[in-house]
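The values are calculated or read from the model by the stated rules, or taken from the named source; none is laboratory data. These figures come from a predicted structure and were not determined experimentally. Using ideal geometry, Cβ is built from the backbone for each residue, glycine included, and neighbour counts are taken over all protein chains shown. Note: areas computed on protein heavy atoms with side chains; ligands, DNA, RNA excluded. Shrake-Rupley method; radii C 1.70, N 1.55, O 1.52, S 1.80 Å.
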Amino acid sequence: MGVVDAAQIDEARQIAESAGAGVVDTLLVNKTIKPEDVTRARALLYHMEVVDLRDLRPRDNLLKALPRHIARRFQVVPLSVEDNYLSIALSDPSDMDTIDGLHQLLSGYTLIFKVASLDQVKSAFDRMYGTTAVSEGVERMVQEMSQTQVDLDKVQAADKATVVVDDDDDAPLVKLVNKIIADGQRMRCSDIHIEPMETYLRIRYRIDGVMQKGFEPPHRLQGPILQRIKIISGMNIAEKRVPQDGRLQQAVDDKPLDFRVSCLPSQYGETIVMRILDKSGLKLGLDQLGFMRDDQERFERSSQMPDGIMLVTGPTGSGKTTTLYSCLNFLNTPDKKIITVEDPVEYRLEGINQVQVNELAGLTFSAALRSMLRQAPNIIMLGEIRDAETGSIAVNASLTGHFVFSTLHTNDAPSAVTRMVDIGIKPFLVAAATRCIIAQRLVRKFCPKCVTDYMPPAGELKALNINPEEAAEANFRRGAGCRNCDGRGYRGRFGIFEVFELDDISRRMVIDNATSTQLREQAKKNGMKTLREDGRRKVIAGMTSVEEVLRSTLSDTID
């Protein structure tokens, strides 16, 4: 800390009194002392440690321990959490109102306070809670839009007439929307959510399956931003009462990206979701999807059958489309004709005939499926089996020399069989046609640049029934957090699977109307690993964490 003599202090006091300012502020303005000197002095006075927050990055456990609204209210950031001890950085250790308030609101923790400069606390808050998801340049763009007075009357006229919108790339509104999109892609997000709230416009990014808060433009910019996105997506900007779908293509860092855009009326305006359709994930090999060797062998063996049905099940966002397309790429050779029926066609792939469903024109799943059978395909991919008519045609196609891939929304693999019967397909047809059913979920994988060895606590090991002998041989790891993963310890995702390959006993049980529980027990006897069991194997192998597996398989158990 710099040494300040009595003469400098007296001079600063005289200047401060005449200017109505503080002595410390005057010393800072005159550069007699530096801001870090003040920070160190405050810490020394209150016997606290000084911390450098420049490398502090968000982690899930920190954000959960100190929620955003509390951190924002008191202008503090969390540093670490271990058992019941929570370390917090603040800029003014003399502010007893802040310290007492945090003790009351976070009574479940023993709080440890450390000191950092106010600028560092503000910057760390932005990184921790997502305010800088769109960079500082956006703030400048918002100011520029305010200065140029965005013509809101022109936007509001969309209710009555077609609006002519400035497509100049240098226009503040155009630059703002482009920046929101570009930052989402650079953060590796899968979709961008633009959601009108009562007093502001919320922007969030889904990164590795987890929503992250982004920039919050002022409420007055809601109309211009939403209208701009609707225009470039090919939507009707005069219609605000019904849902709409659109597409757009935009280059980010010289890389062309396709977006599927969905617009839905909500309480405070239209909410828009822009899904990034990145084809790079569809070119993954089957081993890169996360299959263990035994499951991959079952999958490849079933997918290369000359006929039959393979079903991929799981909730929305579980990676079903990626698995199906990766399999089609694996099978896409010049000697095979492949046709798909999708709603919508999200990814355009070379060498594959893709059909877009058009309900208004009468081109439904069932109608398209009937017509494509006259095209003599070897392999058919059906986006989803939604009803008895579509299911019956798909089953009959699979029994007449075609191999059919499709999806269902069920919680596990055996339940897909009972679901097919429930929608009206005869059990003997389901048994004869079905070759393999795959259920899947996505879990985050560790960042390769900061992954370290780690021994999970006993509670986590018990949750996955990992016994001491297995734990001794396991390769447990976790991500420490670094710039590459934005401090979260995870980067990217892969699948956990249960692969149900039907055998003769299973087929007889289907014909006899066995329950999904009975089919599940038979599948496990035949070697099927459940979702949680597969996740357990991958935790032991050091591929992901116990927390991720438990989060993705809440409805599953291990015997």
Next item on the list: Taking the Cα centre of the range 171-211 as origin, sum charge times position over the Cβ atoms of Lys and Arg (+1) and Asp and Glu (-1), and report the length of that vector in debye to the nearest 20.
Entry: 180
Notebook entry, point to check: For the range 235-257 and the range 73-126, what is the separation of their C-alpha centers, rounded to whole Å?
Noted result: 42
Item checked: Under Karplus coefficients 6.51, -1.76 and 1.60, residue-wise ³J(HN,Hα) of the range 42-58 in Hz, glycine/proline x -> 4, 5, 5, 4, 9, 6, 10, 7, 8, 10, 9, 9, 5, 9, 6, 10, x
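Quick one: net charge of ALA116's neighbours, Cβ under 11 Å, K/R +1, D/E -1? Before the final figure, lay out each step's value.
Working: positive: ARG40, ARG42, ARG54, LYS114, LYS122; negative: GLU36, GLU49, ASP52, ASP92, ASP119.
Once all neighbours under 11 Å are counted, the net charge is 0.
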Check: log10 I(q)/I(0), Debye, Cα-only the range 255-342, no solvent, q = 0.18 Å⁻¹?
Finding: -0.95
Checklist line | Relative pair counts by distance (%), Cα atoms of the range 175-317, 10 Å bins | finding: 10, 34, 27, 16, 10, 2
Margin query: Report the per residue volume, in Å³, of the convex hull enclosing the C-alpha atoms of the range 179-224.
Written below: 66
Next item on the list: Let me know the Rg and Dmax you get for the range 59-125 when you use only its Cα atoms, in Å.
Entry: 10.7, 29
Next item on the list: Provide the per-residue ³J(HN,Hα) series for the range 358-363, in order, calculated from phi with Karplus coefficients 6.51, -1.76, 1.60 and θ = phi - 60°, each as a whole number of Hz, with x at glycine and proline positions.
Entry: 9, 4, 5, 8, x, 8
Item checked: Counted charge near ARG275, where neighbours are those whose Cβ lies closer than 11 Å (Asp, Glu -1; Lys, Arg +1) -> -2
Next item on the list: Any chance you could get the radius of gyration and Dmax over the Cα atoms of the range 434-559, in Å?
Entry: 17.0, 56
Checklist line | Integer Hz, Karplus 6.51/-1.76/1.60 couplings in order for the range 466-471, x for Gly and Pro | finding: 8, 7, x, 5, 5, 5
Margin query: Under 5 Å between amide hydrogens, which residues at least 5 positions from ALA413 or on another chain qualify, with H placed 1.01 Å from N in the peptide plane?
Written below: ALA439
Note to self: So if I average 1/r over every pair of distinct C-alpha atoms in the range 332-487 and take the inverse, what Kirkwood radius in Å does that give?
What the structure shows: 19.2
Checklist line | Neighbourhood net charge (13 Å Cβ-Cβ; Lys/Arg +1, Asp/Glu -1) for PRO344 | finding: -3
Next item on the list: For THR321, THR313, give the ranking by accessible area with the largest first, probe 1.4 Å.
Entry: THR321, THR313
Margin query: Check which residues have an amide H placed less than 5 Å from TYR490's amide H, if you skip close sequence neighbours.
Written below: CYS447
Next item on the list: Anything over 26 Å Cα to Cα? Flag those among LYS255/LYS337; LYS230/LYS255; LYS449/LYS538; LYS64/LYS529; LYS64/LYS179, in the order listed.
Entry: LYS255/LYS337; LYS64/LYS529; LYS64/LYS179
Check: Under 5 Å between amide H atoms, partner at least 5 residues away or on a different chain: which partners does THR271 have, H built in plane at 1.01 Å?
Finding: LEU264, SER266
Checklist line | Net charge dipole size for the range 249-396 [Lys, Arg +1 and Asp, Glu -1 on Cβ; Debye, nearest 20] | finding: 240
